[in-house]
1. For region A:41-50, which positions are surrounded by fewer than 17 Cβ atoms within 10 Å (Cβ to Cβ) and at the interface with another protein chain (Cβ under 10 Å from one of its Cβ atoms)?
2. The conditions are (1) hydrophobic (A, V, I, L, M, F, W, C); (2) in a helix (DSSP H, G or I); (3) crowded, with 23+ Cβ neighbours inside 10 Å, and A:Leu103 fails exactly one of them. Which is it?
3. Using the structure shown, decide if A:Asn185 is within 27 Å of A:Arg46 (Cβ to Cβ) and without any contact (Cβ under 8 Å) to a residue 12 or more places away in the chain.
4. Would you confirm whether or not region A:303-316 contains a residue that is over 30 Å from B:Asn85 (Cα atoms) and of a type in the set (Gly, Ala, Ser)?
5. Suppose we filter region B:47-102 for residues that are more than 14 Å from B:Lys17 (Cα to Cα) and of a type in the set (Phe, Trp, Tyr); how many remain?
6. Go through region A:315-349 and report how many residues are more than 10 Å from chain B (Cβ to nearest Cβ), surrounded by fewer than 14 Cβ atoms within 10 Å (Cβ to Cβ) and among the aliphatic types (A, V, I, L, M).
7. Where in region B:42-129 are there strands (runs of 3 or more DSSP E), lying fully within it, with 2 or more residues that are in contact (Cβ under 8 Å) with a residue 60 or more places away in the chain and within 16 Å of B:Gly26 (Cβ to Cβ)?
8. Which residues, taken from region A:239-261, are within 22 Å of A:Arg295 (Cα to Cα) and not in a loop (DSSP other than H, G, I, E, B)?
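The values are calculated or read from the model by the stated rules, or taken from the named source; none is laboratory data. Computed from a predicted model, the values in this text were never measured in an experiment. When we count neighbours, we look across all protein chains shown, and the Cβ atoms used for this are built from the backbone with ideal geometry, even at glycine.
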Amino acid sequence: MDTTTALKNTPLSAFHESLGAQMAPFAGWNMPIQYEGIINETLATRKSVCAFDICHMGEFLIKGHYKKSGLDRIISAPLENLAIGACRYSSILNAEGGIIDDLIVYRKGLQEWMIVINAATIEKDKAHFLKNLTPETHFEDPSCALGKIDLQGPLSRSVLETFIPTAKNLKYFTFCETDVCNEKNIVSRTGYTGELGFEIYASDSHIQTVWKKLLENKLVKPAGLGARDVLRLEMGYSLYGQDIDETITPLEAGLEKFIDFEKDFIGKDALLKQKKQGLKRQRFFFKSLSRRSPRHLHKIYLKNREIGLVTSGTFSPHLECGIGMGFASQALEIGENISFGDERIKIEAVVCEKPFVKKTSIKN
Amino acid sequence: MNIPNNLCFTKEHEWIKIEGDTGTMGITDYAQHALGDVTFVEIPKKDCEVKQFNIIATIESVKAASDIYSPLSGTITLNNSELENNPALINQSCYDQGWIAKIKIKDIAEKKNLMDSTSYQKFVEGLAH
């Protein structure tokens, strides 16, 4: 089958191609992987500011009481205490506690919500929401017509406030609906890079105007998904489909702090049972002792004994060494020596804490 | 796409410059572009024997790890130790400062299995479609 014909273009794909970006398929979309180079784009995001086309991601709009609608049972994080204008990272789980998707919930009103989900999971997420929301709850999937640009980096605020003055006052994980190039759009202070940053939502017809406006500012460089992947890994953030999936629970993935055990939610019983029985595998983070990088599905060895698998790995331009995360069948201590690799090669590494890059502008 | 006309090429995008019984090899502009930022090169050891189209080195980029194959059979006489601290030389200067190894050529008749610059140009153009 020729899969290239089925690839979807974002409203910005033509821009990327005209700027000479390297394009590649990601989650069924024709996405820019890099412009001038992944390392330069990674460094520019941490030092200055970059714009990322994230139009492929999905959005759901839900109207209903947080509890009576069934939403509170679907989302594993607390909703009741989420302020209007604030957003929160969370996950939706199956009955076994496996992660169907990770997402961000935006509370737009007392009974109005926007859920931002991964691109590859839109259809199965939709089915899960429709199955578990009450029939009278309003559910809408504007994913195909709604785009998103991430503006990330320590200079992102000063760029945005030149044409979106309200962006200046946004606190970490809050959002506003405000005028963006003559259209009312959602702007949130969120991101996936670990830097001060914003996500701008706009209709597919309007997103090109916003992109052009951002790139008019000479400080702003376009960056691809390659840099985004390095940036999120340097922070130790999980990527759905690679680091987490339906066979992995938030407890195993080290995401327990995002779970509200005080309330009822789908998957809770399974998580409580798992807590009682103990974890068969646990997420851990590690640094290579050289420039060699761990790769997805490399094996992890402790004193030559295989104890786990790498889920994500790359080269960190900031640490100038390989970094990765994976699962191990036993608890590992910070500073413990391990190795990773395959049948041909084993590379020395050391268990460490996340984030790999500690001083960033995220809370500036 | 830069393809110098005094080199021979493999289908795996390695180049070799043949001077007498010595060959200097590296990866092509097409290869370095496809790999993206090179972050590590496993440099072949001196005196190692290599066979044509067998693995001679491993290159890692931010995106992936790739095997590099020897264009000809022979013995490695010199490796580019500059690449150890500055693997980005492969991106910046793949035909010059980013060379990988020099080999003493065992059998020059193997050259018939390589492409000249015109054939390689056509080969690369064919890949784009």
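1. none
2. Here A:Leu103 meets the rest and fails (2).
3. no
4. Initial filter on region A:303-316 (over 30 Å from B:Asn85 (Cα atoms)): A:305-308.
Checking the rest, the ones that are also of a type in the set (Gly, Ala, Ser) come to A:308.
Yes - at least one qualifying residue is present in region A:303-316.
5. 2
6. Residues in region A:315-349 being more than 10 Å from chain B (Cβ to nearest Cβ), surrounded by fewer than 14 Cβ atoms within 10 Å (Cβ to Cβ) and among the aliphatic types (A, V, I, L, M): 2 in total.
7. Working: elements: B:55-61, B:65-69, B:74-79, B:101-105.
Result: B:101-105.
8. Within region A:239-261, A:Tyr240, A:Ile244 meet the criteria.
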